[in-house]
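Here is the structure we will look at, set down as structure tokens.
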Amino acid sequence: MPGLVIVGAQWGDEGKGKVTDLLAERADMIVRFQGGNNAGHTIIRDGETFKFHLIPSGILYPDKVCAIGNGVVIDPRVLWQELDELRRRRVDVSSLRISANAHLIMPYHVMLDTAGEAKLGKLSIGTTRRGIGPCYADKASRLGIRVQDLLDEKILRKKIMAAMEPKRSALRPYEKDPALDLHAMTEEYSSYGHRLEPYIADTAHLCWTELDAGRTVIFEGAQGTLLDLDHGTYPFVTSSNPVAGAACVGAGIGPSDIDEVWGVAKAYATRVGAGPFPTELEDETGRLMLERGHEFGTTTGRERRTGWLDLVALRYAVRLNTLTALAITKLDVLAGLDPLKVAVRYRSSEGAALEEFPYHQSILHSAEAEYKELPGFSGELGECRDESDLPPQARDYLRFVSEFVGVPIRLVGVGPDREQVVWMGERPALKAA
Ligand code: GDP
């Protein structure tokens, strides 16, 4: 089973970092395939907390190749800081590889992101204002600057000049004289080029070498399915494709290189930023999920919106990603809540029952979730390591979820620490070479 994709099956922040970290132990290479430093993964190892925004979670294993694929957009300043921090903590980062084809976030992307959100006012998307969207926009307009451009100052200067001019006029309504200095920017980015050069590589080729030798490669997604640019709740989405299919484009592999697709979902639901969220709770229960689950963004510190698990949306994610397995995280957070609810259909404002995730935004915005109530469980789950350690009601809850969406649950999170998991059934037959 050499190619395994891991994606978020909800609105992001599902705990993909921890799941990737656990599966990475048995893999040979880990590749991130989309997004930028708007993502944030938290891994707690031996009581030490690591937060990653760009570098794949697998970096904590020195013997594994860790790659930032061509589909990722990179702010070199952030990447360098992240590398520095890891080095300071004595993590060996020499196995990192950065795709020469990945696009770079430039200072004007960050300025445009901020200006764009400010202009939208109440209609703002809730972006992280890190320049990710404008960077992907430039990529599509063929105005992007790529990692490989950092290695030739002349080319870099020319490309920055061409890309910067339209930004100057776009920014003028917000700033009289936007601070866009071609010379300074070229110098700064060239210096990143010098520093990053040892890591720059043909990461697609590296994937092929590993896959062709029968070794295991994990393709790690950021954000979540419902934030997908094409299939999510547009426009309240991210500017890339977090669905499993994007692993092909964002890492440079073909669909038949993928053998398994794991979706990560919390035992409840959260969402950051604006946009429809049919199972949202704005009451004490929601507050409890927020506090117990520490639902604050890794990247922004923003409070997340919370709600019951939405099985209509999860089933949609299962189909979109052709999930072969689910990892359910944060089951421990639900302890003590009774009854537990899961959304099994929506009701439109006209009274129609909606069994499928509606494609029409107006319908989704006004849809109300209808719930199945399931018995709650109590007690601490943090010590559970085997399926039989879980309270029967917790097992019933998981069984209901799995049967409803038609995918086996292979892993359950019962606490933030790396060890706090229950493997369900057979452990995946992954094996590092
Ligand atoms: P990601 O971007 O999908 O990796 O998610 P984040 O890292 O932003 O959020 C996951 C958070 O939940 C992290 O702080 C994890 O330590 C924590 N976490 C992961 N799994 C569990 C779990 O099973 N239970 C609890 N209580 N926390 C968890």
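Points to keep in mind about this one:
- Sole residue being surrounded by fewer than 13 Cβ atoms within 10 Å (Cβ to Cβ) and either out of contact with any Lys or Arg (no Cβ under 9 Å at 6 or more places or on another chain) or outside any helix (DSSP H, G or I) (or both), chosen from Gly425, Gly415, Gly382: Gly425
- Considering only residues in the range 294-333 that are of a type in the set (Phe, Trp, Tyr) and open to solvent by 40 Å² or more (accessible area, probe 1.4 Å), the one that is nearest to the ligand (Cβ to nearest atom) turns out to be Phe296.
- Looking only at the range 42-57, and only at residues there that are within 12 Å of the ligand (Cβ to nearest atom) and open to solvent by less than 10 Å² (accessible area, probe 1.4 Å), the one that is farthest from the chain's Cα centre (by Cα): Ile43
- Some residue of the range 64-75 being open to solvent by 10 Å² or more (accessible area, probe 1.4 Å), of a type outside the set (Val, Ile, Thr) and touching a Cys at 6+ places or on another chain (Cβ under 9 Å): yes
- Some residue of the range 80-92 being in contact with a helix residue (DSSP H, G or I) (Cβ under 7 Å, 6 or more places away or on another chain) and crowded, with 24+ Cβ neighbours inside 10 Å: no
- When residues of the range 12-40 are limited to those that are open to solvent by 10 Å² or more (accessible area, probe 1.4 Å) and touching a helix residue (DSSP H, G or I) at 6+ places or on another chain (Cβ under 7 Å), the one nearest to the ligand (Cβ to nearest atom): Asn38
- All conditions but one from (1) assigned to a loop (DSSP other than H, G, I, E, B); (2) surrounded by fewer than 19 Cβ atoms within 10 Å (Cβ to Cβ) apply to Glu291; the one that does not is (1).
- Residues that are part of a loop (DSSP other than H, G, I, E, B), at pLDDT 95 or above and loosely packed, with under 15 Cβ neighbours inside 10 Å within the range 355-377 comprise Glu355, Glu356, Pro375, listed in sequence order.
- Subset of the range 242-268 [touching a Phe, Trp or Tyr at 6+ places or on another chain (Cβ under 9 Å), part of a loop (DSSP other than H, G, I, E, B) and open to solvent by 30 Å² or more (accessible area, probe 1.4 Å)]: Ile258
- Going through (1) modelled with pLDDT of 95 or more; (2) within 16 Å of the ligand (Cβ to nearest atom) one by one, Gly406 falls short only on (2).
- Test: Ala352 is within 16 Å of the ligand (Cβ to nearest atom) and either of a type in the set (A, V, I, L, M, F, W, C) or crowded, with 19+ Cβ neighbours inside 10 Å (or both): no
- Test: residue in the range 98-112 that is within 16 Å of the ligand (Cβ to nearest atom) and open to solvent by less than 10 Å² (accessible area, probe 1.4 Å): no
- Considering Val412, Val344, the condition of being of a type outside the set (D, E, K, R), under 24 Å from Leu4 (Cβ atoms) and in contact (Cβ under 8 Å) with a residue 60 or more places away in the chain is satisfied by Val412 alone.
- Pair list, Cβ under 6 Å, 6 or more apart: the range 51-66 residue hydroxyl-bearing (Ser, Thr, Tyr), other residue within 14 Å of the ligand (Cβ to nearest atom): Ser57/Gly17; Ser57/Thr20; Ser57/Asp21; Ser57/His41; Ser57/Ile43
- The set of residues from the range 207-227 being over 10 Å from the mean Cα position of the chain (by Cα) and either part of a loop (DSSP other than H, G, I, E, B) or surrounded by 20 or more Cβ atoms within 10 Å (Cβ to Cβ) (or both) comprises Cys207, Glu210, Leu211, Ala213, Gly214, Arg215, Thr216, Val217, Ile218, Phe219, Leu226.
- Residue match in the range 131-153 (condition: over 30 Å from the mean Cα position of the chain (by Cα) and either open to solvent by 70 Å² or more (accessible area, probe 1.4 Å) or over 17 Å from Ile74 (Cα atoms) (or both)): yes
- Here Arg168 passes the criteria (1) open to solvent by less than 20 Å² (accessible area, probe 1.4 Å); (2) out of contact with any Gly (no Cβ under 8 Å at 6 or more places or on another chain); (3) among the charged types (D, E, K, R) except the one numbered (1).
The values are calculated or read from the model by the stated rules, or taken from the named source; none is laboratory data. On a predicted model such as this, the values are computed, not experimentally measured, just so you know. Reconstructed Cβ throughout: ideal geometry from the backbone, glycine too, with neighbour counts over all protein chains shown. Surface accessibility is based on the protein's heavy atoms, side chains included, excluding ligands, DNA and RNA. Shrake-Rupley method; radii C 1.70, N 1.55, O 1.52, S 1.80 Å.
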